[in-house]
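The values are calculated or read from the model by the stated rules, or taken from the named source; none is laboratory data. Quick caveat: nothing in here was measured; it's all calculated off a predicted structure. Positions of Cβ are backbone-derived with ideal geometry, glycine not excepted, and every protein chain shown enters the neighbour counts. For the accessible areas, the whole protein counts, side chains as well, though only heavy atoms, and no ligand, DNA or RNA atoms are used. Shrake-Rupley method; radii C 1.70, N 1.55, O 1.52, S 1.80 Å.
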Amino acid sequence: MDWFRPAYIWFVLLALSTNLCFNNNSLAQDSKPGPETALLIRELLESAKESEFFDWLKRVRRRIHEYPELAFEEYKTSQLIRDELDAMGIQYTWPVAKTGVVATIGSGDQPLFALRADMDALPIQELVDWEHKSKINGKMHACGHDAHATMLLGAARLIQNRTNILKGTIKLVFQPGEEGHGGAYHVLKEGVLEGVQSIFALHVAPEMYVGSIASRPGPLLAGAGRFLAIIKGVGGHAAAPHKTRDPIVAASMAIIALQQIVSRESDPLDARVVSVTFVQGGEAGNVIPETVKFGGTFRSMSADSFSYLLQRIKEVIETQAAVHDCAATVDFMEETLIHYPPTINDLSMYEHARRVGEILLGEDKVHLVGQTMGAEDFSFYGQKIAATMFLIGARDENSDTITALHTPYLEIAEETLPIGAALHAAVAITYLDDHAPNP
Ligand SMILES: *[C@@H]1O[C@H](CO)[C@@H](O)[C@H](O)[C@H]1NC(C)=O
């Protein structure tokens, strides 16, 4: 995931929103789970923390970490996942969306619940010096998907050991291509999640301490798209600008004009982002080039704002080019870089996961976070299925450095793994209990 870094903002928002909307929230009717459910949830964590189980989790995570693979190239990772599922005697469908694996535990009947982990790494050179550092030059699990896949395998083992108490079916989605490639969209297209009522996912948060989790009901992350503009003029000798149509000036004005879409045209309370992230044009000090390329990302918390931004980005660039007697094309690359919708947590699914988290970790360890403009393809599931995503703290309690996602320095405290495995399993098993038809 493409997170927003300054995590402290979350905690400011957390404090605010706790006061503003949470204490007297009608959602929180607190139908507390019974003592048997509470016992089961705590047992799952105890099983996951047993040393043999924890050692296995670490081995799995380290192997995935050592051999990072980019979007839709997760062959080794997928093989490792299938080998582990085979060892547990769990059935699965493969390949799903090229390299994905969707495992099934339970009767095959309703209710159907899904858990999701992503598998792809990033084109980043790891700069953390440790024994299990990435062995692949220029690739790293810098977004924690190694931990995500491991936690889901952990959940598979915990659930498989308790099939006698399962009241329905749990699907485990090992998804490819999350980083900008919309793997979730492709998994859904293959129909493997037909009939699934709810889906849950975890994302590591390296700035939050191990043993804490956080999320919020409703909109959590932004919808995101990319754009690429090409401005075409007439090149020529820099000493005779009057014989050219200078695309550098046109592009410069267009980039400045794009800044006003958010600052002058948008409601300050409706979060939007337009960022130009690259400009390419010209090579020599005495030549006006024929074309300039630039592009970037745009984000918003609602579909309406998203289509507004898309339309205005196109209009502003084309119009600014015309002012300078140049021509512009604006490509939103929907075919190859499918736009991500906003990630919106289903209210009742969020409440369910929150309650389970409170029993597992303690009420003071479950936090409310503010929205950020990061984006996640988990949002595609949310368009079809009641979905909720939680952040899981992955910062070593004894460390005073804070690392960040999408950097070469990311570190994940491995104590996160058993907690995530148990949380996944507990959310899924208790969901089935709550939604099974009465006998
Ligand atoms: C499997 O179940 C047994 C008995 O309930 C329990 O003691 C053990 O910890 C469980 N192991 C796992 C991996 O869940």
How would the stretch 164-227 be classified by its alpha-carbon gyration tensor: rounded, prolate or oblate, with rounded meaning a/c under 1.5 and the a/b versus b/c comparison settling the rest?
oblate
Between ALA284 and GLN197, what is 0.36 nm times their sequence separation minus the Cα-Cα distance? Round to one decimal in nm.
25.4 nm
Under the Karplus curve 6.51 cos²θ - 1.76 cosθ + 1.60, θ = phi - 60°, whole-Hz ³J(HN,Hα) for the stretch 120-133, x wherever Gly or Pro sits
7, 9, 10, x, 10, 7, 5, 10, 8, 8, 8, 4, 10, 3
Distant-in-sequence amide H partners of ALA205 (H built 1.01 Å from N, under 5 Å):
ILE392, GLY393, ALA394
Sum up the charges of everything whose Cβ sits under 10 Å from the Cβ of GLY357, counting Lys and Arg as +1 and Asp and Glu as -1, but leave GLY357 out.
+1
LYS76-ILE165 FRET efficiency (beta carbon distance; Förster radius 45 Å; 0.05 resolution)
0.85
Expressed as a whole number of Å, what is the distance separating the alpha-carbon centroids of the stretch 372-422 and the stretch 94-115?
22
quick note, the chain, DSSP beta bridge pairs, % antiparallel (nearest 5) is 65
Given a 1.4 angstrom probe, I'd like the percentage of the accessible area of the stretch 275-424 that is carbon and sulfur, rounded to a whole number.
48
Given a Förster distance of 51 Å, report the FRET efficiency between ARG264 and ASP400 from their Cβ-Cβ distance, rounded to the nearest 0.05.
0.75
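If the chain between LYS293 and GLU363 were fully stretched, how many nm would it gain, using 0.36 nm times the residue separation less the Cα-Cα distance?
Result: 20.1 nm gained on full extension.
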When the Kirkwood hydrodynamic radius is evaluated over all pairs of different C-alpha atoms of the stretch 372-439, what value in angstrom, to one decimal, is obtained?
15.1
Mind checking the per residue accessible area of the chain for me, 1.4 Å probe, whole number of Å²?
44
Explain nothing, just the number: relative contact order of the stretch 231-303, from Cα pairs under 8 Å at least 6 residues apart, as a whole percent.
40
I'd like the distance between the alpha-carbon centres of the stretch 334-355 and the stretch 217-287, rounded to an integer number of Å.
30
Surrounding charge for VAL292, neighbours by C-beta under 11 angstrom, Lys/Arg +1, Asp/Glu -1, total 0
Give me the angle, in degrees from 0 to 90, between the Cα long axis of helix 247-265 and the longest principal axis of the Cα atoms of the chain, rounded to the nearest 10.
50
In degrees between 0 and 90, to the nearest 10, how far off the longest principal axis of the chain does helix 303-323 point, with axes built from Cα atoms?
20
Beyond 22 Å, what share of the Cα-Cα pairs of the stretch 180-339 remains, rounded to the nearest whole percent?
56
Take the alpha carbon gyration tensor of the stretch 132-196, find the square roots of its eigenvalues, order them as a ≥ b ≥ c, and report rounded if a/c is under 1.5; if not, report prolate when a/b exceeds b/c, else oblate.
oblate
Quote to one decimal, in nm, the extra length available between ASP434 and ALA87 on full extension: 0.36 nm per residue of separation minus the C-alpha distance between them.
121.9 nm
On a 0 to 90° scale, report how tilted helix 35-49 is relative to the longest principal axis of the chain, with both axes built from alpha carbons and the result rounded to the nearest 10.
70
Give me the percent of accessible area attributable to carbon and sulfur for the stretch 59-106, probe 1.4 angstrom.
49
Of all accessible heavy-atom area on the stretch 197-263, the percent that carbon and sulfur account for (1.4 Å)
65
Kindly write out, for the stretch 337-351 in residue order, the coupling ³J(HN,Hα) from the Karplus curve 6.51 cos²θ - 1.76 cosθ + 1.60 (θ = phi - 60°), rounded to whole Hz, with x marking Gly and Pro.
10, 3, 5, 8, x, x, 8, 10, 7, 4, 5, 6, 5, 4, 4
Highest first, please rank the peptides 321-334, 349-362 by the mean number of other Cβ atoms sitting within 10 Å of their residues.
349-362, 321-334
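Express in % the proportion of alpha carbon pairs of the chain at distances exceeding 42 Å. Don't jump to the answer; show the numbers that get you there.
On the way: 19240 of 96141 pairs.
The answer is 20 percent, as a whole percent.
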7 Å from Cα along Cα→Cβ at both ARG42 and ALA239: what's the point-to-point distance in nm?
8.6
Relative contact order %, the chain, counting alpha carbon pairs below 8 Å whose residues are six or more apart
26
What FRET efficiency would be calculated for the residue pair ARG59, GLN110, taking the C-beta separation as r and a Förster radius of 41 Å, to the nearest 0.05?
0.70
Expressed in angstrom and ordered largest first, the alpha-carbon extents of the stretch 44-172 along the principal axes are 45, 35, 21
